[in-house]
């Protein structure tokens, strides 16, 4: 792995040429490991959409939870070695108000808002009352991690008919969050389905 940064993503030059830099990364280094902002912690940067799912499914190479890869002593050393300004914060989503998503820090009870634009596609999986991990650096949110699956209510889908007996028949269903999922023909409005947040695919009826 690299020990120096090929791309300085923390400089003023990067802020001026963000899209050009990401374009180079997608073309030349779509899956890249280099030191993070502290200059020591190695981070993976995935810049090509087609690689994201493969990376998320590869728990052997890309371990997202240090507790799965480290023994207790190593985990304790890893945790204490993080910069003070960097933290994974347990947060509780209170409710959504238009494009604003209201959250509460479960430790301090401080409330804050993230917009749909800030959350990106993650917003389609968020329900009132969910508990999530918010990644914070120097007090600023830099990411939100979803659970691997979420259970969502089907708000609208075409009804199945007695003649729809072909194996593997599918249809679109709109969930309570606005996410559209391809589901088996027997799923009806009012059903609750389990969706894989990594792929957006239907898993089962709950």
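Per-structure values
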| read-out | value |
| --- | --- |
| Cα convex hull of the range 149-205 - mean projected area over all directions, nm² | 3.5 nm² |
| 152, 126 arranged by Cβ crowding within 10 Å, fewest neighbours leading | 126, 152 |
| Where labels lie 7 Å past Cα in the beta-carbon direction, separation of residue 15 and residue 76 in nm | 4.0 nm |
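Bear in mind these aren't lab numbers, they're just calculated from the coordinates by the rules spelled out. In this text, all values refer to a predicted model and were calculated from it rather than measured experimentally. Cβ: placed from backbone, ideal geometry, glycine included. Neighbour counts: every protein chain shown.
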